[in-house]
Amino acid sequence: MKIKRILVADDEESIRWVLSKALQKQGYKVELAVDGSQASEMAAQNRYDLAILDIKMPGINGLELLKQFRSNYPDTIIIIMTAEATMQHAVVAMQNGAYDYLTKPFDLTALDAIIVKAQKAAELTEEIGQLKEELQEQHSLGRSIIGNSQPMQELYKTLGRIANSDVTVLVIGESGTGKELVAGAVHVNSPRLSKPFIAVNCAAIPSELLETELFGHERGAFTGATERKAGKFEQADGGTLFLDEIGDMPLELQAKLLRVLQEKEITRTGGNQTLKVDVRIVAATNQDITKLVKEKKFREDLYYRLNVVPIKLPALRDRRDDIPLLADFFLQKARQDIGIDTIEFSQETLKLFSTHSWPGNVRELENSIKRATLLSPDQVLTPADFPDLGVQTRQDESLEALVANKLENSLSRMNLQEMNNLYEMVLHQIERPLINIVLQKTRGNQIKTAEVLGINRNTLRKKIKTLQIDVKRGS
């Protein structure tokens, strides 16, 4: 923001005249108010970048006017003037949001210096705001929480209430409901946005390695520890640590986590030094954690530490109103990723989506749409393109039946008694065209192909080499 328009409010005509002439000479557009009431009316009709307000004025005094500006026009920079150099006036003015305070009589160069400083501060504030927006866009890219249903509206309200605080959050929901997205939303909308967001899946890491993964280790702490390693708590310092599947954390490690939450410090494995960490914890589980507590599989004291703000995510079947919106979002995303502009859903497909139980929740919906978009030869996705949803393929014949029919016809022409590698031969003939088709659909993108096939990227590379498949990138 550049300061261009200035409001001067003072009941002394001489002060108004001097300030008007001096500020106009500096290139500012200046408007004058004879008292607080007129200044209030002018502010309601016009936008001012900066306002210079006298404290003692008829009608509305400068401090009351300052409060009005801070409430209604928070972007306007306020400078307070007074002939009484009392500490009380200065303190009250600054407490209520004044940028600076001048005691009459003052040197005009002092006012110029304050305005220049205010200009730099405004530019810095604007720059920080833009940076925050960019960071939010980067963190949110491709990871939006979608939904207008009543359960999702309640979720948004909760997120809005807790985002700016540092309270610990426990997200509870079935697999595929978007627990990490919620954790990310808590982070993105918090003052910790510019700091790291670190996610740890407690169920995916072997229990004997999870401690060093969280707290790090010193060199020589165990065989193979050739150098010091920072754990996830250190990496997330100043930011947010997302502990997914917290219900799978071993009991002995739960005790150490509880200590970290209480003391806000960690000790690396094999070390003696304690390190202070400033981390906000968002934990998540798809289990009934209260049942785990009753069964003594989860510490009760840790549960209460984590469960400061519980967020229960609804299953997709419990917010069916959101399914068309989600389906459209995932279709647009798949079209963009693959480079197809025209593919769309048939009405029968949308009906199928609305009635399916979606045991895999939002993740199942996204993966089904991505797979169908890649593999369908048509530009309209019909129920036949979603065989995993319990729908038969085209011509009311399942893929398994089609393969069985083709195999029977082929094998009837072979002498099976003389063959010893039939299994390998059939797999070879199926694998090669399958990989070829998916590679064509993804325009040679091996990462996407591996994702669609559900295999490791290195495994795909080996198969491409073994099967002598010619990969044409971008075709």
Could you check how many residues of the stretch 245-257 are assigned to a helix (DSSP H, G or I) and more than 26 Å from the chain's Cα centre (by Cα)? 6
Across the stretch 275-312, which residue is nearest to residue 180 (Cα to Cα) among those that are charged (D, E, K, R) and in contact with an Asp or Glu (Cβ under 7 Å, 6 or more places away or on another chain)? 280
Name, by its number, the condition in (1) surrounded by fewer than 17 Cβ atoms within 10 Å (Cβ to Cβ); (2) assigned to a helix (DSSP H, G or I); (3) of a type outside the set (A, V, I, L, M) that does not hold for residue 341. (2)
Residue in the stretch 155-203 that is farthest from residue 244 (Cα to Cα), counting only those that are part of a loop (DSSP other than H, G, I, E, B) and among the β-branched types (Val, Ile, Thr): 167
Complete set of residues in the stretch 458-475 that are farther than 23 Å from residue 388 by Cα and not in a loop (DSSP other than H, G, I, E, B): 458, 459, 461, 462, 463, 464, 465, 466
Would you point out the residue of the stretch 208-219, among those that are modelled with pLDDT of 85 or more and out of contact with any helix residue (DSSP H, G or I) (no Cβ under 8 Å at 6 or more places or on another chain), that is surrounded by the fewest Cβ atoms within 10 Å (Cβ to Cβ)? 209
Would you mind stating whether residue 205 is without any contact (Cβ under 8 Å) to a residue 24 or more places away in the chain, surrounded by 14 or more Cβ atoms within 10 Å (Cβ to Cβ) and closer than 24 Å to residue 296 by Cα? yes
Single condition residue 409 does not satisfy, out of (1) at pLDDT below 85; (2) outside any helix (DSSP H, G or I): (2)
Out of 51, 39, report the one residue that is under 9 Å from residue 9 (Cβ atoms), of a type outside the set (Asp, Glu) and touching a Ser or Thr at 6+ places or on another chain (Cβ under 6 Å). 51
Filter the stretch 227-244 down to the residues that are in a strand (DSSP E or B) and either in contact (Cβ under 8 Å) with a residue 60 or more places away in the chain or among the aliphatic types (A, V, I, L, M) (or both), then identify the one that is farthest from residue 164 (Cα to Cα). 244
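Okay, residues lined up against (1) closer than 22 Å to residue 325 by Cα; (2) more than 19 Å from the chain's Cα centre (by Cα); (3) at pLDDT 85 or above:
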site: 106; (1), (2), (3): no, yes, no
site: 118; (1), (2), (3): no, yes, yes
site: 131; (1), (2), (3): no, no, no
site: 175; (1), (2), (3): yes, no, yes
From 380, 362, residue being closer than 14 Å to residue 329 by Cα, modelled with pLDDT of 90 or more and outside the structural domain of residue 178 (by TED's automatic domain parsing): 362
Out of all the residues in the stretch 204-217, which are touching a strand residue (DSSP E or B) at 6+ places or on another chain (Cβ under 7 Å) and assigned to a loop (DSSP other than H, G, I, E, B)? 216
Within the stretch 455-466, considering residues that are touching a residue at least 24 places away in the same chain (Cβ under 8 Å) and either under 29 Å from residue 379 (Cα atoms) or of a type in the set (A, V, I, L, M) (or both), the one surrounded by the most Cβ atoms within 10 Å (Cβ to Cβ): 460
Conditions: (1) surrounded by 13 or more Cβ atoms within 10 Å (Cβ to Cβ); (2) at pLDDT below 90. Residue 141 meets all but one. Number of the miss? (1)
What are the residue pairs meeting all of these: first residue in the stretch 53-78, first residue on the phi > 0 side of the Ramachandran plot, second residue of a type outside the set (A, V, I, L, M, F, W, C), Cβ atoms under 7 Å, and 6 or more apart or on different chains? 59/35; 59/36; 59/37
Scan the stretch 316-370 residue by residue and report those that are of a type in the set (A, V, I, L, M, F, W, C) and over 26 Å from the mean Cα position of the chain (by Cα). 340, 343, 345, 350, 352, 353
Need at least 1 residues that are touching a Lys or Arg at 6+ places or on another chain (Cβ under 7 Å) and surrounded by fewer than 20 Cβ atoms within 10 Å (Cβ to Cβ) per element, so show me which strands (runs of 3 or more DSSP E) inside the stretch 266-329 make the cut, counting only ones lying wholly within it. 274-276
Being of a type in the set (A, V, I, L, M, F, W, C), farther than 21 Å from residue 403 by Cα, surrounded by 14 or more Cβ atoms within 10 Å (Cβ to Cβ) and not assigned by TED's automatic domain parsing to the domain that holds residue 373 narrows 438, 471, 452 down to just 471
Checked 222, 242 against criteria (at pLDDT below 90 and assigned by TED's automatic domain parsing to the domain that holds residue 303); the one match is 222
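The values are calculated or read from the model by the stated rules, or taken from the named source; none is laboratory data. Since the structure is predicted, the reported quantities are computational estimates derived from the model, not experimental observations. Ideal geometry is used to build each Cβ from the backbone, glycine not excepted, and the neighbour counts take in all protein chains shown.
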